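Student: A single structure is presented below for examination.
The values are calculated or read from the model by the stated rules, or taken from the named source; none is laboratory data. Bear in mind the structure is a predicted one, so any value in this text is a computation, not a measurement. Cβ atoms come from the backbone with ideal geometry, glycine included; neighbour counts cover every protein chain shown. Keep in mind that these areas ignore ligands, DNA and RNA; they rest on the heavy atoms of the full protein, side chains included. Shrake-Rupley method; radii C 1.70, N 1.55, O 1.52, S 1.80 Å.
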Amino acid sequence: MMTPSPALLEVKGLKAFVESTEILHGIDLGVSPHEVVAFIGPSGCGKSTFLRCLNRLHEETPGGRAEGRVSLEGQDIYAVGTDPVRIRRRIGMVFQKPNPFPSMSIFENVASGLRLNRIAKGIELEARVEAALREAALWNEVKDKLDASGMSLSGGQQQRLCIARALAVKPPVLLMDEPTSALDPVSTAKIEELVIQLKKETTILMVTHNMQQAARISDRTAFFLYGDLVEYGPTTKVFTTPSDRRTEEYITGRFG
Amino acid sequence: MNWRHWLNRLFIFGVCSLALIALVPLFSVLFYVISHGASSLTPGFFTSLPAPVGEIGGGIGHAILGSVVLISMCSLISIPLGLGMGILLSEYSQKPVSRVLGVVVELLSSIPSIVVGLFAYALVVRPFRGFSAHAGAIALSMIMIPLVARTTEEMLKLVPRSVREAGLALGLPKARVILNIVFMGSMRSLTVGVILAVARIAGETAPLLFTAFASQHWFQGLSEPLASIPVQIYTYAVSPYEDWHAKAWGGALILILMVLGLNLLIRVFLPRRKDG
């Protein structure tokens, strides 16, 4: 193996396709540990696809395919012979709409990654489920009804349940694809607070359409436009003195 | 009171009348079968063999047992095969084998049941020189397998893609996502589908005429002809005897009660989760 790169995640020349349409035109980007990176840009510009390339979920989309190099802790996740299942255990994901497993209880939802991958069982499993629910700031609300269906929770609680489910396997990277776009302002605030807390444990890459949200919680911001990474830098710099005219126009609301 | 209000009223009235009209045949069948068949339902009717021609009394116990044997054998073949095919059709729909299978299932489910009976006759009865429970179960399976496969496929396709993606994103292998999340999560609807398929084949007559045939004796082994409720009803109904006609109605009532019982079973043992 080569010398490990200082970055946790290193993306080089990443192109993504659906059938023959190129969605991402060669993205280069690096992420350091314990950072929150926000991805902004108009709808359909490839932010979500980019995120889904990082845990090799894009290839599950019919016709989906990716090219280029994505290394996680120095290991190329697109190298021949790499099992996407192993990669996904180290990169958690939270989706736009809360998607708890419908037939499972709250406990089973959080336990699913640990149990089905045979990582933990018995008392250790219970402890890790509790820890994950506490990390997701949901424990106090559900500790008395762990056997209730995950679907019985409110939208905001369901989303935190999904965050707990992703955190239970302790991934070094957590991808969040517009995690608050389906939630009310109170739930959104809770999840934003959570993201800031979680930075200590993991590294978060979050797609958002909410510019204020990106400004509030991220350390770095990436601006995508039509499948290109236009600008990537410290959030304060991107929002106050962007180096690209298109970034400035988007942030000030002149298009998008 | 404007015209929209009256239009709404008129529409509701129309829909309700149509619903009532649809219920008429259902309830008249039930009423007719009960009024003609209830008198036959003595304890002996369930437990004894048919009486010889001319004698009053006797029952269809052997046919009830025969139907239970046939349905069990058929379920043992069809449920695993049907569920497996359903998973293949729904979860691996892009694979060529799945496309071919889809067409096969489509064709199988549109074959008239009498043709299924003839086919099983040529396939099993002729080579083994005799009607048998085996042949009956195989004929019924040819009807039940596509039923189970189709409902399984449709139920699994109802599971949203976001749920599958959540499983994959957790690092679960695809097989685990399918089995532990998609399949187990659809258990309720799959059970309903299977029970409805059982109810459907419980009443099949045509496939049994050339395969399990009929018998006046208790179950004598899987390689022997076997009585079943639908065939027994047929035998009794076409006879010239009043007493046998009454017994045919009694058999019909038992069949209806069995199907009704299966439906009730679904409702009692599989209550829909209020929250799910």
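Student: Please report, to two decimal places, log10 I(q)/I(0) for the protein assembly as shown at q = 0.07, 0.10, 0.13 Å⁻¹ as given by the Debye formula with identical point scatterers on the Cα atoms and no solvent.
Tutor: With one equal scatterer per Cα and no solvent, log10 I(q)/I(0) is -0.59, -0.90, -1.18.
Student: As I understand it, the dipole of the protein assembly as shown uses +1 on the Cβ of Lys and Arg and -1 on the Cβ of Asp and Glu, about the Cα centre. Which of A:ILE196, B:ILE145, B:SER67 lies farthest toward its positive end?
Tutor: Value computed over the given set: A:ILE196.
Student: Magnitude of the Cβ-charge dipole of the range B:64-269, K/R +1 and D/E -1, about the Cα centre, nearest 20 debye?
Tutor: 660 debye
Student: Here's something else I'd like to know. Separation between the B:LEU196 and B:ARG267 pseudo-spin-labels, each 7 Å from Cα along Cα→Cβ, expressed in nm?
Tutor: The answer from the label model is 1.6 nm.
Student: Measure nothing but the geometry: give the 0 to 90° angle between the long axis through the Cα atoms of B:61-91 and the longest principal axis through the Cα atoms of chain B, rounded to 10°.
Tutor: Tilt relative to chain B: about 20 degrees.
Student: Sticking with the crude label model, points 7 Å out along Cα→Cβ, report the distance from A:ALA182 to B:VAL115 in nm, one decimal please.
Tutor: About 4.5 nm, to one decimal.
Student: Using a Gaussian network model on chain B with a 10 Å cutoff between Cα atoms, which of B:ALA214, B:ALA122, B:ALA199 fluctuates the most?
Tutor: For chain B, modelled as a Gaussian network with Cα springs under 10 Å, the answer is B:ALA122.
Student: Same structure, new question: Using Cα atoms only, what is the angle between the long axis of helix A:185-198 and the major principal axis of chain A, expressed in degrees (0 to 90) to the nearest 10?
Tutor: Long axis of A:185-198 versus the principal axis of chain A: about 90 degrees.
Student: Still on this model: Give the distance, in whole Å, between the Cα centre of the range A:48-77 and the Cα centre of the range B:171-250.
Tutor: Going from one Cα centre to the other spans 50 Å.
Student: Give the cross-link partners of A:LYS15 among the lysines, using a straight C-alpha distance below 22 Å as the criterion and excluding same-chain residues fewer than 8 apart.
Tutor: Hits, sequence-local ones excluded: A:LYS47.
Student: Separate question: Which of the lysines could a cross-linker bridge to B:LYS95, judged by Cα under 20 Å and excluding same-chain residues fewer than eight apart?
Tutor: Here the lysines satisfying the reach criterion relative to B:LYS95 are B:LYS157, B:LYS174.
Student: Provide the FRET efficiency to the nearest 0.05 for the B:THR205-A:LYS97 pair, computing r from the beta carbons and using R0 = 45 Å.
Tutor: 0.35
Student: For A:LYS200, which lysines qualify as cross-link partners when the Cα separation must be under 18 Å and same-chain residues fewer than eight apart are set aside?
Tutor: Here the lysines satisfying the reach criterion relative to A:LYS200 are A:LYS170, A:LYS190.
Student: I need to check one value: relative contact order of the range B:64-269, counting alpha carbon pairs closer than 8 Å and at least 6 residues apart, in percent.
Tutor: Result for the range B:64-269 is 28 percent.
Student: So for the pair A:THR82, A:ALA131, with labels modelled 7 Å out along Cα→Cβ, what separation do we get in nm?
Tutor: Going by the 7 Å Cα→Cβ label model, 2.7 nm.
Student: Compute the normalised compactness of the range A:37-158: alpha-carbon radius of gyration over 2.2 N^0.38 Å, N being the residue count. All intermediate terms of the calculation are to be shown ahead of the outcome.
Tutor: Details: Rg = 16.9 Å, N = 122, 2.2 N^0.38 = 13.7 Å.
After normalising by residue count via 2.2 N^0.38 Å, the value is 1.24.
Student: If you roll a 1.4 Å probe over chain B with all protein chains in place, what percent of the accessible area is carbon or sulfur?
Tutor: In chain B, the share of accessible area belonging to carbon and sulfur is 72 percent.
Student: If you restrict to DSSP beta bridges whose two residues both lie in the protein assembly as shown, what percentage is antiparallel, to the nearest 5?
Tutor: About 60 percent, rounded to the nearest 5.
Student: Could you give the distance between the Cα centres of the range B:121-157 and the range A:208-252, to the whole Å?
Tutor: 63 Å
Student: Quick one: accessible surface of B:THR205, probe radius 1.4 Å, all protein chains present, in square angstrom to the nearest 10.
Tutor: Answer for B:THR205: close to 40 Å² accessible.
Student: For the pair A:THR240 and A:THR61, what calculated FRET efficiency results from E = 1/(1 + (r/R0)^6), where r is the Cβ-Cβ distance and R0 = 35 Å, to the nearest 0.05?
Tutor: Rounded to the nearest 0.05, the efficiency is 0.45.
Student: Shifting gears a bit: Name the residue, out of B:GLY37, B:GLY185, B:GLY117, whose mean-square fluctuation peaks in a Gaussian network model built on chain B with Cα pairs under 10 Å.
Tutor: Greatest mean-square fluctuation among the candidates belongs to B:GLY185.
Student: Report, in whole Å, the centroid distance computed from the Cα atoms of the range A:10-46 and the range A:117-153.
Tutor: Distance between centres, Cα-based: 33 Å.
Student: Mind listing P(r) for the range A:148-256? All alpha-carbon pairs, 10 Å bins, whole percents.
Tutor: Pair shares across the bins are 13, 42, 31, 13, 2, 0.
Student: Looking at chain A as a GNM with Cα springs under 10 Å, which of A:GLY30, A:GLY63, A:GLY155 has the largest mean-square fluctuation?
Tutor: Judging by the Gaussian network model, the answer is A:GLY63.
Student: As a test of reading the structure, rank B:ARG129, B:ARG267, B:ARG164, B:ARG188 by solvent-accessible area (1.4 Å probe, protein chains only), most first.
Tutor: Accessible-area ranking of B:ARG129, B:ARG267, B:ARG164, B:ARG188, largest first: B:ARG129, B:ARG267, B:ARG188, B:ARG164.
Student: At 222 nm, what value in deg cm²/dmol follows for the protein assembly as shown if DSSP H runs of at least 4 each add -39500 (n - 2.57) and the sum is divided by all its residues, to the nearest 500? Write out the running numbers ahead of the final one.
Tutor: Values: 21 runs with 276 residues, N = 532.
It lands at -16500 deg cm²/dmol.
Student: Quote the FRET efficiency, to the nearest 0.05, computed for A:ALA148 versus B:TYR32 with a Förster distance R0 of 60 Å and r equal to the Cβ-Cβ distance.
Tutor: According to the calculation, E is roughly 0.80.
Student: Still on this structure, please answer the following. Provide A:ASP219, A:ASP147 ordered by accessible surface of protein heavy atoms (probe 1.4 Å), highest first.
Tutor: Ranking A:ASP219, A:ASP147 by accessible area, largest first, yields A:ASP147, A:ASP219.
Student: Quick one: go through the range A:193-222 and flag any residue whose amide nitrogen is under 15 Å from the point 7 Å out along the Cα-to-Cβ line of A:SER32.
Tutor: From the range A:193-222, the list is A:200, A:203-204, A:219-221.
Student: Taking loop as defined by DSSP and a crowding limit of 12 other beta carbons within 10 Å, which trypsin sites (Lys or Arg not before Pro) in the range A:153-256 fit?
Tutor: Filter output for the range A:153-256: A:LYS200, A:ARG254.
Student: Also, I was wondering about something else. Just the number, please: buried accessible area between B and A, total of both chains, 1.4 angstrom probe, nearest 100 square angstrom.
Tutor: When B and A are taken together, about 2000 Å² of accessible area is lost.
Student: On a 1.4 Å probe surface of the protein chains, which of A:THR247, B:THR47 comes out largest in accessible area, and what is the full order?
Tutor: Output order, biggest surface exposure first: B:THR47, A:THR247.
Student: Between the DSSP loop rule and a limit of at most 11 other Cβ atoms within 10 Å, which GluC sites (Glu not before Pro) in the range A:26-102 are left?
Tutor: none
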